[in-house]
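Heads up: the structure comes next, in structure tokens.
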């Protein structure tokens, strides 16, 4: 075998092995990422159904939830109550579409997900906002 072929074969085998490991990792991550994306979809579906219980269902029982205005809520039950209230008033005719910008796994069981939400609602509903 010529010198050129010897040097070419080794990097080609190394690259093939690296691609195989990357493909296996990508497959696993793909299943995990799919599961994360399904959670975001469930939140979106709950919002668009104007169903506080369905919206809150994907959250942990002791979830920490910070509302867009900075208000803090603790627990799935409180998330459900708050959203049931807004779905019958200010956001009763709203539509919310989430676009996942990135999914990054910090560990195999912890992911950071950046979602851009596009909330559409009528200005007339503003007058129906519950008073604090």
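Any residue that is at pLDDT below 95, outside any strand (DSSP E or B) and loosely packed, with under 12 Cβ neighbours inside 10 Å - is there at least one of those in the stretch 105-117?
Yes, the stretch 105-117 contains a residue that is at pLDDT below 95, outside any strand (DSSP E or B) and loosely packed, with under 12 Cβ neighbours inside 10 Å.
Only one of these conditions is not met by residue 97: (1) modelled with pLDDT of 95 or more; (2) closer than 20 Å to residue 33 by Cβ; (3) surrounded by fewer than 12 Cβ atoms within 10 Å (Cβ to Cβ). Which number is it?
Status for residue 97: all satisfied but (3).
Go over the candidates 64, 45, 32 one by one and state the one that is under 25 Å from residue 110 (Cα atoms), modelled with pLDDT under 95 and either touching a strand residue (DSSP E or B) at 6+ places or on another chain (Cβ under 7 Å) or surrounded by 13 or more Cβ atoms within 10 Å (Cβ to Cβ) (or both).
From the options 64, 45, 32, the qualifying one is 32.
Looking at the stretch 77-104, I want the residues that are on the phi < 0 side of the Ramachandran plot and free of Cβ contacts under 8 Å to residues at least 40 places away in the same chain and have a partner that is assigned to a helix (DSSP H, G or I) and loosely packed, with under 13 Cβ neighbours inside 10 Å with Cβ atoms under 8 Å, at least 6 apart or on another chain. Which pairs are those?
As it stands, the answer is none, since no pair meets every condition given.
Before we move on, is residue 79 under 29 Å from residue 123 (Cα atoms), at pLDDT below 95, buried (at least 16 other Cβ atoms within 10 Å of the Cβ) and touching a helix residue (DSSP H, G or I) at 6+ places or on another chain (Cβ under 9 Å)?
In short, no.
Could you tell me whether residue 102 is out of contact with any helix residue (DSSP H, G or I) (no Cβ under 6 Å at 6 or more places or on another chain), modelled with pLDDT of 95 or more and surrounded by fewer than 16 Cβ atoms within 10 Å (Cβ to Cβ)?
In short, yes.
What number of residues within the stretch 37-52 are in a loop (DSSP other than H, G, I, E, B) and at negative phi? Spell out how you get there, then give the answer.
Taking the stretch 37-52 and keeping what is in a loop (DSSP other than H, G, I, E, B), we get 49-51.
In the following step, the residues that additionally are at negative phi were identified as 49, 51.
Qualifying residue count, the stretch 37-52: 2.
The values are calculated or read from the model by the stated rules, or taken from the named source; none is laboratory data. The structure displayed is predicted, hence computed values, not measured ones. Neighbour counts run over all protein chains shown; Cβ positions are idealised from the backbone, glycine included.
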